[in-house]
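The values are calculated or read from the model by the stated rules, or taken from the named source; none is laboratory data. The structure presented is a predicted model; accordingly, all values stated were derived computationally and were not measured. Neighbour counts are summed over all protein chains in view; Cβ atoms, including those assigned to glycine, are modelled from backbone coordinates with ideal geometry.
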Ligand SMILES: [Zn+2]
C-alpha cells in the first residue's frame with residue numbers, strides 16, 4: 001500500500017509566489033513553462049527501460065535521466081476493477097485519478113473510454129487564454145479511440161476546453177475533404193474518397209472530429225504538400241509520432257502536449273524483439289524531440305518533459321504469451337517516471353513509491369493552475 005498522502009511539496013506555492021504564473025478567474029495569458037508529456041507507451045516494464053544493464057532505452061536512462069528526477073518506483077494503484085492498459089493508464093495520467101472513465105463503445109467500436117473527469121488539457125485551457133492548437137495530443141494511426149482523450153464529460157469543462165489532436169486518422173479526414181472539394185478530380189476518385197471518409201467517420205463517433213481548427217488544417221496542408229497522398233513517403237508507427245511532434249513544435253508552438261507512443265504493444269501479436277525494438281525507437285524519438293527543444297528559442301530553457309509509461313507488463317516469461325498486461329500482475333502495475341527541464345532538479349533518483357495519479361497535479365503545479373478534481377499528490381523532490 002502506498003503511503004502517498006504523506007508526500008508534501010511546496011512546489012506549487014513556491015511557483016505561485018514567485019509570480020511565474022498566476023491563475024485567476026478571468027483567463028490570463030500564459031507565461032509559464034511548456035510541458036511535453038511523453039507516454040512511453042504500449043506498456044513497458046522497468047526491466048527493459050530503466051534498468052541500465054537490460055535497457056533498450058540508453059538515451060533515456062544514461063543521458064536524459066541525468067538532466068532530471070527519476071521516479072524509479074511509480075505504481076498504478078491496485079484497485080478492484082482497475083485494468084492496467086493503454087487507454088486506462090493514459091487517462092490516469094491526464095485526469096490525476098484512477099478509473100475516471102466510462103466505456104461508451106459498443107459492437108465493433110468497443111473499448112472507447114471517455115474521461116468522466118476533466119483532463120489536464122481542459123484545466124489548462126480553463127485557466128489560461130490558450131487556443132486549442134497550442135494544447136496538443138499526438139496519437140498513433142490505428143487508435144481512433146484515443147480521440148476521446150481530448151476532453152471529458154465533466155459538466156464544468158468539456159469540448160470548449162478541448163485539445164486539438166494530430167494523427168494519421170486526422171490527416172486522412174483532412175485529405176479526403178480536400179479531394180471531395182476538388183472539382184478537377186474524376187468521379188472514381190471522388191467515390192473512393194467518399195468511401196474512405198465515411199469509414200474514418202464511422203470509427204470516430206464524436207461528431208466534432210472533422211472540425212479541425214484553421215491552424216491545424218494549415219498544418220495538414222503543409223504535411224500533404226510534403227508527403228503527398230499515398231501514405232508511402234511519411235514515416236510509420238512511432239517514428240511517425242516523432243515526426244508529427246517535431247513539426248507541430250516548429251509550426252504550432254504547443255504549450256502543453258502529450259505524445260502517445262504505443263508500438264511496444266505489438267508484442268501482443270509477435271515475439272519479444274518487436275517489444276524491445278519498439279522501445280529503442282521511442283528512445284530515439286524522445287532524444288530527437290528533446291534535441292529539437294534544446295535548439296529552438298521558443299522551447300529552450302523553458303520546457304519540462306514528463307516521460308511516463310501508460311502501464312507495465314507481466315514478468316512471468318513461462319506462460320504461452322509473455323509480456324501481457326491484462327492479468328493484474330504486480331509488474332503490470334510497476335512503472336516509473338522521468339521529469340526534467342526548466343526548474344526541475346538534476347541527476348536525482350527518488351526510490352520512494354509514488355503514484356501514476358500524481359502526475360496531473362504535479363504538472364498543474366508546474367504550470368501554475370490547479371487540477372481540483374485530481375486525487376494524487378504532487379510528486380516529491382521535483383524542484
Ligand atoms: Zn496492450
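Report yes if residue 265 is within 16 Å of the ligand (Cβ to nearest atom), modelled with pLDDT of 90 or more, surrounded by 21 or more Cβ atoms within 10 Å (Cβ to Cβ) and not in a helix (DSSP H, G or I), otherwise no. Spelling it out, it is not the case that residue 265 is within 16 Å of the ligand (Cβ to nearest atom), modelled with pLDDT of 90 or more, surrounded by 21 or more Cβ atoms within 10 Å (Cβ to Cβ) and not in a helix (DSSP H, G or I).
Only one of the listed residues (41, 10) is at pLDDT below 95 and touching a helix residue (DSSP H, G or I) at 6+ places or on another chain (Cβ under 9 Å). That residue is 41.
Would you check which residues across the stretch 211-261 are in a loop (DSSP other than H, G, I, E, B), under 13 Å from residue 133 (Cβ atoms) and modelled with pLDDT of 95 or more and list them? Selection gives 253, 254, 255.
Among residues of the stretch 245-269 that are more than 16 Å from residue 286 (Cα to Cα), those with a beta-carbon under 8 Å from a residue that is within 11 Å of the ligand (Cβ to nearest atom) and part of a helix (DSSP H, G or I) at least six positions away or on a different chain give the pairs 265/86; 266/275; 267/275.
Which of the strands (runs of 3 or more DSSP E) contained wholly in the stretch 39-152 include at least 1 residues that are over 15 Å from residue 360 (Cβ atoms) and under 14 Å from the mean Cα position of the chain (by Cα)?
Result: 135-138.
Residues in the stretch 79-97 that are closer than 17 Å to residue 327 by Cα and more than 16 Å from the ligand (Cβ to nearest atom): 79, 80, 81.
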